[in-house]
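Trainee: Can you keep this structure in mind? I'll have questions shortly.
The values are calculated or read from the model by the stated rules, or taken from the named source; none is laboratory data. Just so we're clear, the structure is a prediction, and the values are computed from it rather than from any experiment. Here Cβ is always computed from backbone atoms with ideal geometry, including for glycine, and neighbour counts include all displayed protein chains.
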Amino acid sequence: MISGSGRPGPARSRDHREIRPYGEDGLLVEVPEPDGVLGLYAALAAASIDGVEEVIPAACTLLLRLRPGADSDRVAREVGSLPSLDPDRRPGELVEIPVTYDGPDLDDVAVLTKLSVEQIVALHTGRELTVAFCGFAPGFAYLSGLPKDLQVSRRDEPRTRVPAGSVGLAGDWTGVYPRESPGGWQLIGRTDVVLWDLERDAPALLRPGLRVRFTVA
């Protein structure tokens, strides 16, 4: 696992994670699928590996920011052998988000999925989702666990303005736009919940690992 420079080179763990150096004080862990990211993220939070100061998840990677001077080779070995938590058994705070299901793309989603509007709403509110990672804009959370029947492609033509609070679908993901911005997700509803507020201790309401349930407003 040690490269010629004395730093860990790419290495694969038992579940096909690939761990490689990232900058001066970081490791990038590549995981085959989002559920693997969620399981490893939760395991890292529970393990508190010495030398790891921050873990930043993305769709199929986790970036580990290490304490300066930390033994990156040791950290890589520990991360490589760390068992992931079962995606269905991860503890976490539950956030409920009431939604008015009247989005401009709701009828189009019904055509694409061959479902009625009532069935779309029932599926979207019928299970707990998990914040996999955040990106695109401050407070924008990508929620995993969307039923396959609701997985639709992005719009062919993105909108130049999507209102804050819009609830959308795109591929495997669902999410809420925290502020007005361009966007290409299929909009099925809206919420008045504030996703990003600099006055809060934690400005982002939704953070990686949290559980989310949409409800009918």
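Trainee: Among the residues of segment 182-198, is there at least one that is under 24 Å from Gly39 (Cα atoms) and loosely packed, with under 15 Cβ neighbours inside 10 Å?
Mentor: No, there is no match, as no residue in segment 182-198 is under 24 Å from Gly39 (Cα atoms) and loosely packed, with under 15 Cβ neighbours inside 10 Å.
Trainee: Can you confirm whether Leu85 is in contact with a helix residue (DSSP H, G or I) (Cβ under 6 Å, 6 or more places away or on another chain) and either closer than 27 Å to Gln151 by Cβ or assigned to a strand (DSSP E or B) (or both)?
Mentor: Spelling it out, Leu85 is indeed in contact with a helix residue (DSSP H, G or I) (Cβ under 6 Å, 6 or more places away or on another chain) and either closer than 27 Å to Gln151 by Cβ or assigned to a strand (DSSP E or B) (or both).
Trainee: Please determine whether any residue of segment 102-114 is small (Gly, Ala, Ser) and not in a loop (DSSP other than H, G, I, E, B).
Mentor: Pass one, segment 102-114, residues small (Gly, Ala, Ser): 103, 110.
This time we only want the ones that are not in a loop (DSSP other than H, G, I, E, B), so: 110.
Scanning segment 102-114, I find at least one residue that is small (Gly, Ala, Ser) and not in a loop (DSSP other than H, G, I, E, B), so the answer is yes.
Trainee: Here is a follow-up. From the list Asp35, Asp86, Asp25, which residue is surrounded by fewer than 18 Cβ atoms within 10 Å (Cβ to Cβ), at pLDDT below 90 and touching a Pro at 6+ places or on another chain (Cβ under 9 Å)?
Mentor: None of the others qualify; the one that does is Asp35.
Trainee: OK, next. State which residue is modelled with the lowest pLDDT when the search covers only segment 120-152 and only residues that are aromatic (Phe, Trp, Tyr) and buried (at least 20 other Cβ atoms within 10 Å of the Cβ).
Mentor: Filtering segment 120-152 down to residues aromatic (Phe, Trp, Tyr) leaves 133, 136, 140, 142.
Subset that is buried (at least 20 other Cβ atoms within 10 Å of the Cβ): 133, 140, 142.
Working: Phe133: 90, Phe140: 95, Tyr142: 95.
If we take residues in segment 120-152 being aromatic (Phe, Trp, Tyr) and buried (at least 20 other Cβ atoms within 10 Å of the Cβ), then Phe133 is modelled with the lowest pLDDT.
Trainee: On to the next question. Mind checking which pairs have a first residue in segment 96-120 that is free of Cβ contacts under 8 Å to residues at least 40 places away in the same chain and a second that is exposed (fewer than 13 other Cβ atoms within 10 Å of the Cβ) and assigned to a helix (DSSP H, G or I), Cβ under 7 Å, 6 or more apart or different chains?
Mentor: Thr113/Asp149; Leu115/Asp149
Trainee: Quick one: which strands (runs of 3 or more DSSP E) sit completely within segment 115-217 and have at least 3 residues that are within 19 Å of the chain's Cα centre (by Cα)?
Mentor: Details: elements: 129-134, 141-144, 159-162, 166-170, 173-176, 181-183, 186-190, 211-216.
In segment 115-217, 129-134, 141-144, 166-170, 173-176, 211-216 are the strands (runs of 3 or more DSSP E) which contain 3 or more residues that are within 19 Å of the chain's Cα centre (by Cα).
Trainee: Filter segment 43-66 for residues that are part of a strand (DSSP E or B) and not hydrophobic (A, V, I, L, M, F, W, C); which is surrounded by the fewest Cβ atoms within 10 Å (Cβ to Cβ)? Talk me through it step by step, then tell me what you get.
Mentor: Of segment 43-66, the ones part of a strand (DSSP E or B) are 52-57, 61-66.
Then drop every residue that is not not hydrophobic (A, V, I, L, M, F, W, C), which leaves 53-54, 57, 61, 65.
On the way: Glu53: 12, Glu54: 10, Pro57: 25, Thr61: 16, Arg65: 15.
Among those residues, the one meeting the criterion is Glu54.
Trainee: Looking only at segment 19-54, count every residue that is over 16 Å from the mean Cα position of the chain (by Cα) and not charged (D, E, K, R) and tell me the total.
Mentor: 13
Trainee: (1) assigned to a loop (DSSP other than H, G, I, E, B); (2) outside the structural domain of Leu210 (by TED's automatic domain parsing): which one isn't true of Gly80, the others all being true?
Mentor: Every condition holds for Gly80 apart from (1).
Trainee: Now a separate question. Considering every residue within segment 208-216, establish whether at least one is touching a strand residue (DSSP E or B) at 6+ places or on another chain (Cβ under 8 Å), among the basic types (Lys, Arg) and closer than 24 Å to Leu63 by Cβ. Before the answer, list the steps.
Mentor: Let us first name the residues in segment 208-216 that are touching a strand residue (DSSP E or B) at 6+ places or on another chain (Cβ under 8 Å), namely 208-216.
With among the basic types (Lys, Arg) added as a condition, the list becomes 211, 213.
If we keep only those that are closer than 24 Å to Leu63 by Cβ too, we end up with 211.
Within segment 208-216, one or more residues are touching a strand residue (DSSP E or B) at 6+ places or on another chain (Cβ under 8 Å), among the basic types (Lys, Arg) and closer than 24 Å to Leu63 by Cβ.
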